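Below is one structure, written out as structure tokens; comments come after it.
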Amino acid sequence: MVFNCNGRRLDLTTPQVMAILNVTPDSFSDGGRYSDLDAAKRGAEEMAAEGAAVIDIGGESTRPGAAAVSEAEELDRVLTVVEAVIDSCDLPVSIDTTKPGVMRAAVAAGAGVINDINALRTAGAVEVAAELAVPVVLMHMQGSPRTMQDAPLYRDVVADVADFFRQRLTAATAAGVLPTNIILDPGIGFGKSADHNLQLLRELEQFLQFGSPLLVGISRKSIFGTILGRALEERLPGSLAAAAIAVWLGAKLIRTHDTKATLDAVNFSAALRQQ
Ligand code: PT1
């Protein structure tokens, strides 16, 4: 449960928080502007001070409906930010990408975790992940971000996600990814109805059978719109409830926009559970 992230330590003996650092593209700037980098550095420092265990940086939106970006565009957005955050704090940095070229460049810049919503299914990704030898998050997704919410369909969502984990664990370890470097994530909101998401959270313990730590990313997602009728900026209470329950059911890493509040939910749940 202790991971070596390109020289930085991630200890998941007790549950921890993965803080989301937004690298928001805007048409008036590229990711390399001083003010953007300065904001990223200050954001990372704040997350570290609030108790995050790892900082997740991504240059491609994977929200429902989001379009893909080119590798050049993604590298342009993300690489200087990874370098700046590696400089400004000593936490491990995770790179949220599906592209092997971005994985390679980010790890060369100091990133120490590959967070892949496509679970290394992109051509060349599994070989690069094996070569880089850093921890990898294998996330379940049905379809692709642009169309995944059109008509999500499962035989049995929990069984189907478990089958997917079995397949991806086999493919990754066959390519040389160490089993001890794998983290699994059911992919809340990625090609799932609200009911599918509830079933996955309710049955989260089923995914402990693989022996890998579980990551859950549910922060501010549309399930809180569907179930609670909350707009984006009103979803923190629901997100905290979900984080506490995910930890209660065995999750070891919670991906969040709200480090301090989420860490309280995580720590209280872990204390109750005596983890
Ligand atoms: C996640 C995750 C991620 N989520 C991992 N990486 C996003 N490992 C990005 C919605 O329903 O859960 N795990 N990287 C963000 N993606 C979404 C998906 C954001 C759905 C919002 C929704 O609102």
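Taken together, the values in this text are just the output of simple stated rules run on the coordinates, not laboratory data. Note that the structure is a prediction, hence the values are computed from the model and not measured. Using ideal geometry, Cβ is built from the backbone for each residue, glycine included, and neighbour counts are taken over all protein chains shown.
Taken over the C-alpha atoms, region 84-136 has Rg and Dmax values of 10.6, 33 angstrom. Measuring nothing but how far apart in sequence close Cα pairs (under 8 Å, 6+ apart) lie, relative to its length, the chain scores a relative contact order of 21 percent. Could you work out which residue, out of GLY124, GLY101, GLY58, moves most in a Gaussian network model of the chain, that is, has the largest mean-square fluctuation with Cα springs under 10 Å? Of GLY124, GLY101, GLY58, the Gaussian network model singles out GLY124 as fluctuating most.
With all pairs of different alpha carbon atoms counted, what Kirkwood hydrodynamic radius in Å does region 137-275 show? Let's see the in-between values first.
On the way: mean 1/r = 0.0644 Å⁻¹.
Radius from the Kirkwood sum: 15.5 Å.
For region 193-275, what class follows from the C-alpha gyration tensor (a ≥ b ≥ c being the square roots of its eigenvalues): rounded when a/c is under 1.5, otherwise prolate if a/b is larger than b/c, else oblate? Because a/c hits 1.5 or more and a/b fails to exceed b/c, region 193-275 counts as oblate.
Rounded to the nearest 500, the helix-only mean residue ellipticity at 222 nm of the chain stands at -13000 deg cm²/dmol, with each DSSP H run of n ≥ 4 adding -39,500 (n - 2.57).
Rounded to whole Å and sorted largest first, what semi-axes of the equivalent ellipsoid does the C-alpha gyration tensor of region 152-211 yield via the square root of 5 times each eigenvalue? Before the final figure, lay out the partial values.
Numbers: eigenvalues 103, 27, 18 Å².
Result for region 152-211: semi-axes of 23, 12, 9 Å.
Given just the C-alpha atoms of region 108-216, how large is their convex hull per residue in cubic angstrom?
Values: hull volume 11.2 nm³, N = 109.
So the per-residue hull volume is 102 Å³.
The ranking of HIS196, HIS257 by Cβ neighbour count inside 10 Å, starting from the fewest, reads HIS257, HIS196. Summarising the label geometry, the points placed 7 Å from Cα in the beta-carbon direction at ASP87 and ARG155 lie 5.2 nm from one another.
So what's the chain giving for Cα Rg divided by 2.2 N^0.38 Å, two decimals?
On the way: Rg = 17.2 Å, N = 275, 2.2 N^0.38 = 18.6 Å.
Normalised Cα radius of gyration, the chain: 0.93.
When MET148, MET103, MET18 are sorted by how many other C-beta atoms sit within 10 angstrom of their C-beta, beginning with the fewest, the order is MET148, MET103, MET18. Shape analysis of region 211-252 yields a ratio of the Cα radius of gyration to the Kirkwood radius, Rg/Rh, of 1.04.
Placing +1 on the Cβ of every Lys and Arg and -1 on the Cβ of every Asp and Glu, with nothing else charged, gives the chain a dipole about its Cα centre of roughly 620 debye. Of all lysines in the structure, those lying under 30 Å Cα to Cα from LYS260, and not within fewer than 8 positions of it along the same chain, are LYS41, LYS192, LYS221, LYS252. By DSSP, the beta bridges lying fully in the chain are antiparallel in about 15 percent of cases. Please tell me the relative contact order of region 148-215 in percent, rounded to the nearest whole number, where contacts are Cα pairs under 8 Å and at least six residues apart. Relative contact order for region 148-215 comes out at 46 percent. Gyration tensor analysis over the Cα atoms of region 51-184 returns equivalent ellipsoid semi-axes of 24, 18, 13 Å (largest first, whole Å).
Positive end of the dipole of the chain (Cβ unit charges, origin at the Cα centre): among LEU236, VAL23, SER94, the Cα lying farthest that way belongs to LEU236.
Name the residue, out of PRO100, PRO152, PRO135, whose mean-square fluctuation peaks in a Gaussian network model built on the chain with Cα pairs under 10 Å. Result for the chain, Cα springs under 10 Å: PRO152 fluctuates most.
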